[in-house]
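The values are calculated or read from the model by the stated rules, or taken from the named source; none is laboratory data. Keep in mind that this is a model prediction, so the values were computed, not measured. Every residue, glycine among them, receives a Cβ derived from its backbone with ideal geometry; neighbour counts consider all protein chains shown. With ligands, DNA and RNA removed, areas are computed over all heavy atoms of the protein, side chains included. Shrake-Rupley method; radii C 1.70, N 1.55, O 1.52, S 1.80 Å.
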Amino acid sequence: MRHPTDGTLRRLVDEPAGVADADRAHVAGCPVCLSGLAAARKDAEAAGAALAVEVTTDVDAGWQRLSRAAEGEGRRGLAARTRRGRTALRSPVVAAVGVLTLLLGATAAAAANWLPIFHAEQITPVTAREAELVKLPELGDFGDVKVVKDLDVRQVADAAAAKEATGLSVPRVGELPRGVTGEPTYQVFDPVSATFTFSAQKAARFAAAAGHTLPPPPPGLDGSQFRLNGGPGVAAVWAENRPVPAMMLGRAVAPTAFSSGVPFETARDYLLSLPVLPENIAAQLRAFSADGTTLPLFTAIENMASSPADVNGVPATVLTSRDGTLGAVVWVDSGVITAVAGSLSADEVLSVARGLRWDR
């Protein structure tokens, strides 16, 4: 039997239930794979230490429930994961900022020789069963990822300090939902940056290990480099000493990506043609506009339901957990993604979102 991929070893650390029994049995009896698994655990510990934030309640654990459900139990997928290994740049699941995993974004700053290929103007759910979502490859399976600027999350004193740190205004909540009281705490994260270099050879090896043969890449794709810049972002959190925050209001600059070579359509069409992608997910992504303005929101249908809505005339997406314990609404407006989420119903998060008050 072939050795499981690095991605499979990492999933044994992050989400062991998502790994096939045959792969788990192989790893248990293979010294080479056990060594790789130990390295993956060490990398996960290093990443966890880098992302550790002191909080008075276990806010991170609560928001991870929402982020896992919204992104298919484990932050997987071509867009959701931007690196792995020692420099694992994940969506920012850090304390109260955890719901901003939905908002992995980018600033508009780029060197003059980079071609802008993606800027989010809308968010559209990509729904599938959890078993399909966990099969999504990681970026590292198709090339090399290098972190340029790492994640830095910290708590600040108030909304004014958050705006000074990030440039993002934090609106006032018009009326708190029932059960949400007191003043929020504020956390911010600075911009992060990473580059991804596509490798036809590495992608072919990954596909061969999975029993597939990749079509030849289009001219210019092999060796092309893509730049991803994330943040800054801010979150106001009403925690109230609960395992799951009562409510969170988050904002982040909408995603933008840049290419040093091929245009967005070229990379998009090739990646969506690959046999390693579950066909159901690839078909939904193909239906997106080819201009690089739609941000996919991966949703496991067993855990979350999604529906369209609007926030004061702006298209929005509502997410609710199947057990009714979590709700969220997220939308893009004027280049910024905003989300309201918490231990609330769909009606409650929409009421908060539509009643936000913006200081002039």
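Every condition in (1) crowded, with 21+ Cβ neighbours inside 10 Å; (2) part of a loop (DSSP other than H, G, I, E, B); (3) not small (Gly, Ala, Ser) is met by LEU228 except one, and the failing one is (2).
Every condition in (1) surrounded by 14 or more Cβ atoms within 10 Å (Cβ to Cβ); (2) out of contact with any strand residue (DSSP E or B) (no Cβ under 6 Å at 6 or more places or on another chain); (3) of a type in the set (Gly, Ala, Ser); (4) without any contact (Cβ under 8 Å) to a residue 40 or more places away in the chain is met by GLY327 except one, and the failing one is (2).
Kindly indicate whether any position in segment 218-228 is closer than 29 Å to LEU326 by Cβ, touching a strand residue (DSSP E or B) at 6+ places or on another chain (Cβ under 9 Å) and in contact (Cβ under 8 Å) with a residue 40 or more places away in the chain. Write out each step before concluding.
Going residue by residue through segment 218-228, those that are closer than 29 Å to LEU326 by Cβ are 228.
With the extra rule that they be touching a strand residue (DSSP E or B) at 6+ places or on another chain (Cβ under 9 Å), the set shrinks to 228.
Keeping just the survivors that are in contact (Cβ under 8 Å) with a residue 40 or more places away in the chain gives 228.
Checked against the condition, which is being closer than 29 Å to LEU326 by Cβ, touching a strand residue (DSSP E or B) at 6+ places or on another chain (Cβ under 9 Å) and in contact (Cβ under 8 Å) with a residue 40 or more places away in the chain, segment 218-228 yields at least one hit.
Look at segment 339-349 and say how many of its residues are open to solvent by 20 Å² or more (accessible area, probe 1.4 Å) and either aliphatic (A, V, I, L, M) or part of a helix (DSSP H, G or I) (or both). Residues in segment 339-349 being open to solvent by 20 Å² or more (accessible area, probe 1.4 Å) and either aliphatic (A, V, I, L, M) or part of a helix (DSSP H, G or I) (or both): 3 in total.
Kindly establish whether VAL352 is in contact with a Lys or Arg (Cβ under 9 Å, 6 or more places away or on another chain), under 22 Å from GLN187 (Cα atoms) and of a type in the set (A, V, I, L, M, F, W, C). Break it down stepwise before answering.
Details: in contact with a Lys or Arg (Cβ under 9 Å, 6 or more places away or on another chain): no; under 22 Å from GLN187 (Cα atoms): yes; of a type in the set (A, V, I, L, M, F, W, C): yes.
For VAL352, the condition - in contact with a Lys or Arg (Cβ under 9 Å, 6 or more places away or on another chain), under 22 Å from GLN187 (Cα atoms) and of a type in the set (A, V, I, L, M, F, W, C) - is not met.
For segment 200-209, does any single residue satisfy the condition of being surrounded by fewer than 17 Cβ atoms within 10 Å (Cβ to Cβ), in a loop (DSSP other than H, G, I, E, B) and touching a residue at least 40 places away in the same chain (Cβ under 8 Å)? Checked segment 200-209: no residue is surrounded by fewer than 17 Cβ atoms within 10 Å (Cβ to Cβ), in a loop (DSSP other than H, G, I, E, B) and touching a residue at least 40 places away in the same chain (Cβ under 8 Å). Can you name the number of the only condition in (1) part of a loop (DSSP other than H, G, I, E, B); (2) open to solvent by less than 20 Å² (accessible area, probe 1.4 Å) that PRO275 fails? Only one criterion is unmet by PRO275, namely (2). In the set VAL318, VAL352, VAL311, only one residue is touching an Asp or Glu at 6+ places or on another chain (Cβ under 9 Å), free of Cβ contacts under 8 Å to residues at least 60 places away in the same chain and β-branched (Val, Ile, Thr); that residue is VAL311. Residues that are closer than 18 Å to ALA283 by Cα, open to solvent by 20 Å² or more (accessible area, probe 1.4 Å) and either of a type outside the set (A, V, I, L, M) or in a helix (DSSP H, G or I) (or both) within segment 120-153 comprise THR124, PRO125, THR127, ARG129, GLU130, ALA131, GLU132, LYS135, listed in sequence order. Out of LEU214, LEU228, report the one residue that is of a type outside the set (Asp, Glu) and under 19 Å from ILE337 (Cβ atoms). Matching residue, one of LEU214, LEU228: LEU228. Look at (1) in a helix (DSSP H, G or I); (2) open to solvent by 40 Å² or more (accessible area, probe 1.4 Å) and you find that GLU302 fails only one, number (1). Report whether or not ARG322 is in contact with a strand residue (DSSP E or B) (Cβ under 7 Å, 6 or more places away or on another chain), open to solvent by 20 Å² or more (accessible area, probe 1.4 Å) and at pLDDT below 90. Yes.
Residues in segment 158-172 that are open to solvent by 30 Å² or more (accessible area, probe 1.4 Å) and assigned to a loop (DSSP other than H, G, I, E, B) were compared, and the one that is nearest to ASP222 (Cα to Cα) is GLY167. Selection of segment 175-194 for residues being in a loop (DSSP other than H, G, I, E, B), open to solvent by 30 Å² or more (accessible area, probe 1.4 Å) and farther than 26 Å from ALA257 by Cβ yields GLU175, LEU176, ARG178, GLY179, THR181, GLY182, GLU183.
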